[in-house]
Amino acid sequence: MATLRIPSLYAATTSISYAGTATDLTDSTMSWTNTANATGNTTGTFASNLLVDRNVNSNTLALTNFNLSGAGLPSGAIINGIQVDVEWNADNNRVQDSLVQLTLDGSTGLGNDYATNSNWPTTKTINTYGWLTDLWGSTWTAADLLSSNFWVLLQYTNRRNPDYNVYIYRVMITVDYTVNNPPTDISLSSNSIDEGLAIGTTVWLLSTTDPDVGDTHTYSLTCTSPGADDASFALAGNNLNSAEVFNFATTYVYNICIRTTDAGWLSYDKNFVVNINEVINVAPGWVDTNLEVWLKANAGTSTTTDGNTLATWADQSGNALDATAVTAPIYRNNATDSLNFNPVIDFDGTTQYMSNLWNGAYSNSYFMVVVPDQQVDGTLAGQVPFSFDCLSGVLSSWTCGLNFAGTVLGAFTVALPDEVITHALGSSANWRSAQNGVASYEATKPMLIVMNENAAANNTDIYEKE
């Protein structure tokens, strides 16, 4: 008999069927007679075996063709447990079950052997093996149980002389299962990846829509109709990873197909387009090698809240020349102060400055973008937007001495007259370059200032663009 039980989460139903075939496997010395009597829902007839040898197993009685399909087991069901009930008795209570096991090849037991090796009474008894949440130490699919190779194997042993018969009336199976519905969709966290990233970079995370709440899923690139570019990707769990280094200039669109398979082996295929993002070089001045210091207001700031003071500013060059506030400037990110929709760092031009006391940098080639609060000309008292070795934000205090190195806006020294923008390296006039004269730059207008050392390394040119 086969009883099919569905948990209450789904429509409950119970169907009964019985072993359709009983076969003596003739694998020992004691044979079964009338094996057909162990089939069907009959309690008045039996298959029997005369156990003439003490402590020797009977031949195996194999029962199959339980007609689980006719009993209502769906092909995609998830099997939760299998229970076997055997109605039997013996002439003497020293007869024991010595093998109760399931098989998928018609002979070799699979998983746990639930024989109790215990004495049983002489009256007709139903003995239960397994339970509705018990998979017998193995895994089972609906296809397994519907197969003609799914059998129940039984053996018995006489523990006492003289000869005793064992009788099998019927064998019943209860299968607890969950009705499995196929997945209906695959979702992804993104559909693009930057070019140039290492092999194994996660492109996106996958998730499945399934009407069966709590169902589990595995993913593969094994669709019935594969994607043209499946080989360019690999799956690890629910991560879709790159299997090559993508180059936007070569290919920027990839077509793949992903299959999701649920715990009941039902699947769903979906095609995706993966877009490769072109990575535009955003390093300063398009220079991305041999950088000394790179500070930008849209990365590495200790705050991203408009109006907050900035405690630290992380160097993006990789040299860890991070700036720490001595007197903290203000982080600005608003419609009035932002520059090209990017945040800015606001220094007051008198006392606010940041420094790095432990690591140094030196360069005659650098650039900066500044927005001056005051008009920049030869009458402006020198202000220092950037310095290599000054530990003060106030140039007029002469805290830096004559060895100051960096950039000054406005009057700096008497060595170079009418200075407007000055690049300085030390006390000698020979180590300074300046834009001087009557040039002037409006307040609140962005200025791009470039210091560029010539090929002979004997002069630094100053370029400015409002």
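Whether a residue is assigned by TED's automatic domain parsing to the domain that holds Ala455, buried (at least 17 other Cβ atoms within 10 Å of the Cβ), within 36 Å of the chain's Cα centre (by Cα) and farther than 23 Å from Ile449 by Cα was assessed, and Leu310 passes this test. Can you tell me which residue is farthest from the chain's Cα centre (by Cα) among those in segment 47-61 that are surrounded by 21 or more Cβ atoms within 10 Å (Cβ to Cβ) and of a type in the set (A, V, I, L, M, F, W, C)? Of everything passing the filter in segment 47-61, Leu51 is farthest from the chain's Cα centre (by Cα).
Residue by residue, here is whether (1) surrounded by 14 or more Cβ atoms within 10 Å (Cβ to Cβ); (2) closer than 30 Å to Met368 by Cα; (3) polar (S, T, N, Q) holds:
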| residue | (1), (2), (3) |
| --- | --- |
| Thr184 | no, no, yes |
| Asn191 | no, no, yes |
| Gly214 | no, no, no |
| Tyr219 | yes, no, no |
| Ser232 | yes, no, yes |
| Val253 | no, no, no |
| Ile276 | yes, no, no |
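Contact map, segment 150-177: first residue at positive phi and acidic (Asp, Glu), second residue assigned to a strand (DSSP E or B) and at pLDDT 95 or above, Cβ cut-off under 7 Å, separation 6 or more or different chains; the map is empty.
Considering Val84, Val95, the condition of being buried (at least 19 other Cβ atoms within 10 Å of the Cβ) and under 46 Å from the mean Cα position of the chain (by Cα) is satisfied by Val84 alone.
Remark: Thr305 matches the filter, which requires a residue to be at pLDDT 90 or above and part of a loop (DSSP other than H, G, I, E, B). Going by what's in this entry, would Pro183 be described as part of a loop (DSSP other than H, G, I, E, B), at negative phi and free of Cβ contacts under 8 Å to residues at least 40 places away in the same chain? Taking the combined requirement at face value, the residue does not satisfy it. Out of all the residues in segment 99-109, which are modelled with pLDDT of 90 or more and either assigned to a loop (DSSP other than H, G, I, E, B) or buried (at least 19 other Cβ atoms within 10 Å of the Cβ) (or both)? Within segment 99-109, Val100, Gln101, Leu102, Leu104 qualify. Looking only at segment 177-192, decide whether some residue is touching a Leu at 6+ places or on another chain (Cβ under 8 Å), within 30 Å of Ser98 (Cβ to Cβ) and at pLDDT below 90. So far as segment 177-192 goes, yes, one or more of its residues are touching a Leu at 6+ places or on another chain (Cβ under 8 Å), within 30 Å of Ser98 (Cβ to Cβ) and at pLDDT below 90. Of all the residues in segment 322-335, those that are β-branched (Val, Ile, Thr) and modelled with pLDDT of 90 or more number 1. The selection criterion, being closer than 19 Å to Thr26 by Cβ and modelled with pLDDT of 90 or more, holds for Asn59. Hey, among the residues in segment 362-400 that are out of contact with any Ser or Thr (no Cβ under 8 Å at 6 or more places or on another chain) and modelled with pLDDT under 65, which one's surrounded by the most Cβ atoms within 10 Å (Cβ to Cβ)? Applying the filter and picking the extreme gives Leu395.
Taking each residue of segment 320-338 that is touching a residue at least 40 places away in the same chain (Cβ under 8 Å) and looking for partners that are in a strand (DSSP E or B) and not small (Gly, Ala, Ser) with beta-carbon atoms closer than 6 Å, six or more apart or interchain, yields Val326/Tyr353.
The residues listed here are Val245, Val203, Val274; of these, the one that is touching a residue at least 60 places away in the same chain (Cβ under 8 Å), among the hydrophobic types (A, V, I, L, M, F, W, C) and within 30 Å of Ser317 (Cβ to Cβ) is Val203. Scanning segment 199-217 turns up at least one residue that is closer than 29 Å to Glu278 by Cα and over 14 Å from the mean Cα position of the chain (by Cα). Restricting segment 197-212 to residues that are closer than 30 Å to Asn80 by Cβ and of a type in the set (Val, Ile, Thr) leaves a set whose member that is surrounded by the fewest Cβ atoms within 10 Å (Cβ to Cβ) is Thr209.
Among the residues making up segment 424-466, those that are under 56 Å from the mean Cα position of the chain (by Cα) and at pLDDT 75 or above are Tyr441, Glu442, Ala443, Thr444, Lys445, Pro446, Met447, Leu448, Ile449, Val450, Met451, Asn452. Can we say Val245 is in a loop (DSSP other than H, G, I, E, B) and either surrounded by 19 or more Cβ atoms within 10 Å (Cβ to Cβ) or within 20 Å of the chain's Cα centre (by Cα) (or both)? It is true that Val245 is in a loop (DSSP other than H, G, I, E, B) and either surrounded by 19 or more Cβ atoms within 10 Å (Cβ to Cβ) or within 20 Å of the chain's Cα centre (by Cα) (or both).
The values are calculated or read from the model by the stated rules, or taken from the named source; none is laboratory data. Nothing here was measured: the structure is a model prediction, and the numbers come from that model. Cβ coordinates were reconstructed from backbone atoms using ideal geometry, including for glycine residues, and neighbour counts include every protein chain displayed.
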